[in-house]
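As structure tokens, the structure follows; a few thoughts come after it.
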Amino acid sequence: MRRLNDIWVRWQRHLDMLPVSELFIRAIYLTLIWSTIKLLLIGDVVWGEEWLHVRYTPFGNIDRFAMILNEAVVRPYYLWFALPFLALLIGGVIGRHNVFTRAVVWYLYVALHFGNVEISTGGHHLYQQLLFFHILFFRVNDQEDGMWAAARRMLHHLGFYAIWINIALLYFASAYWKTFGEMWFNGQAMLMSISFEPYSFPGILDLLPSNTWYLLVGTYAVFAYQLLFAVVIWIKPVRKPFLLFGLLFHLSIVFIVGLADFGLFMIASYSIFLAPADARKLMERLSVVRLKRKQ
């Protein structure tokens, strides 16, 4: 109980992870800017009247606002959603964001995502949850006092660690559902995923004519990483080397499997696991924003 009370008190008085939260916002916003601009190049097909999207049946009540781009009368005006979304993302990258802009970013993303859900990846679905929790990233310095400041710090902590848990659950669910298919246990699924011609890196098909021992090793390494993530991520001494494997794994998804959006989204989300001191140094080196050091 004393340990829980110490955490409770610290969460109301200090916000040590603020540099991490700021870096996280910039990382995911940059990937969303890239992804959104790419989709806008074929915007009429993705969101417009020439949609390849299979529209959902009409929703009622508040759900209809999430599915607004499924309405035929609204789809021609998709730029009214995409352009403000881009503007808010750019503002966030340079540090111009608050609870209102973050909430609008989340809503616009939900509307745009449900308007093109067939061409999205697991990373796009994950971002729905991450953007929701990032609304709670209030900026509160240690000098601010009072009940409202304590409440904002508490909400920031809850949103911050909810993102940790969300990513951990994603990995666990991914590993769990893999166990229902025999192809994952013999390495065949990995062979198929990295040799799918429309997406795979040129030459992969020639290099991997059949299943090999290193595909089996890779398969079980990914299994272990996904299953252990929810536990190991809380162990600070091994967190960095553990995440390094994940970084290499997602880079391979970008450059070998060819799913750039998913790989980059996952890599960007890893910024939430950096130590506050490392995040502060990185922010300063990139000249994104100068955070005042603690006195």
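The values are calculated or read from the model by the stated rules, or taken from the named source; none is laboratory data. No experiment lies behind these values; they were computed from the predicted model shown. Positions of Cβ are generated from backbone atoms using ideal geometry, with glycine treated the same way; all protein chains shown enter the neighbour counts.
Of all residues in the stretch 138-163, those being in a helix (DSSP H, G or I) and of a type in the set (D, E, K, R) number 2. Take the stretch 164-198 and flag every residue that is closer than 16 Å to Thr212 by Cα, touching a helix residue (DSSP H, G or I) at 6+ places or on another chain (Cβ under 7 Å) and either modelled with pLDDT of 85 or more or assigned to a loop (DSSP other than H, G, I, E, B) (or both). Across the stretch 164-198, the qualifying residues are Gly187, Ser195.
The rows are residues; the columns are (1) under 16 Å from the mean Cα position of the chain (by Cα); (2) surrounded by fewer than 19 Cβ atoms within 10 Å (Cβ to Cβ); (3) among the aromatic types (Phe, Trp, Tyr).
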position	(1), (2), (3)
His124	yes, no, no
Leu130	yes, no, no
His134	yes, no, no
Glu144	no, yes, no
Arg152	no, no, no
Leu158	no, yes, no
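Inside the stretch 106-134, residues that are touching a residue at least 60 places away in the same chain (Cβ under 8 Å) and either part of a helix (DSSP H, G or I) or among the aliphatic types (A, V, I, L, M) (or both) make up a count of 13. When the stretch 95-122 is limited to residues that are closer than 20 Å to Pro19 by Cβ and polar (S, T, N, Q), the one that is surrounded by the fewest Cβ atoms within 10 Å (Cβ to Cβ) turns out to be Asn98.
One line per residue, one yes/no per condition, for (1) more than 24 Å from His124 (Cα to Cα); (2) at pLDDT 90 or above:
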| position | (1), (2) |
| --- | --- |
| Ser200 | no, no |
| Asp206 | yes, no |
| Thr219 | no, no |
| Leu244 | no, yes |
| Gly258 | no, no |
| Lys281 | yes, no |
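Do we have Gly95 as touching a helix residue (DSSP H, G or I) at 6+ places or on another chain (Cβ under 9 Å), in a loop (DSSP other than H, G, I, E, B), in contact (Cβ under 8 Å) with a residue 60 or more places away in the chain and not β-branched (Val, Ile, Thr) here? Against the criterion (touching a helix residue (DSSP H, G or I) at 6+ places or on another chain (Cβ under 9 Å), in a loop (DSSP other than H, G, I, E, B), in contact (Cβ under 8 Å) with a residue 60 or more places away in the chain and not β-branched (Val, Ile, Thr)), Gly95 qualifies.
Note on the stretch 214-257: residues that are within 18 Å of the chain's Cα centre (by Cα) and not in a helix (DSSP H, G or I) amount to 1.
Selection over the stretch 120-141 of residues that are out of contact with any helix residue (DSSP H, G or I) (no Cβ under 7 Å at 6 or more places or on another chain) and farther than 19 Å from Ile25 by Cα gives a count of 0.
Residue-by-condition table, conditions (1) surrounded by fewer than 21 Cβ atoms within 10 Å (Cβ to Cβ); (2) closer than 23 Å to Leu274 by Cα; (3) small (Gly, Ala, Ser); (4) modelled with pLDDT of 85 or more:
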{"position": "Asp6", "(1), (2), (3), (4)": "yes, yes, no, no"}
{"position": "Val20", "(1), (2), (3), (4)": "no, yes, no, yes"}
{"position": "Phe24", "(1), (2), (3), (4)": "no, yes, no, yes"}
{"position": "Arg64", "(1), (2), (3), (4)": "yes, no, no, no"}
{"position": "Pro76", "(1), (2), (3), (4)": "yes, no, no, yes"}
{"position": "Val93", "(1), (2), (3), (4)": "yes, yes, no, yes"}
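Sub-7 Å Cβ pairs linking a first residue in the stretch 12-38 that is within 20 Å of Gly91 (Cβ to Cβ) to a second residue that is buried (at least 16 other Cβ atoms within 10 Å of the Cβ) and among the charged types (D, E, K, R), at least 6 apart or interchain, are Pro19/Arg280; Ser35/Asp261, ordered by first then second residue. From the residues in the stretch 35-62 that are part of a loop (DSSP other than H, G, I, E, B), closer than 15 Å to Phe81 by Cβ and over 25 Å from the mean Cα position of the chain (by Cα), which one is modelled with the lowest pLDDT? Filtering first and then ranking leaves Trp51.
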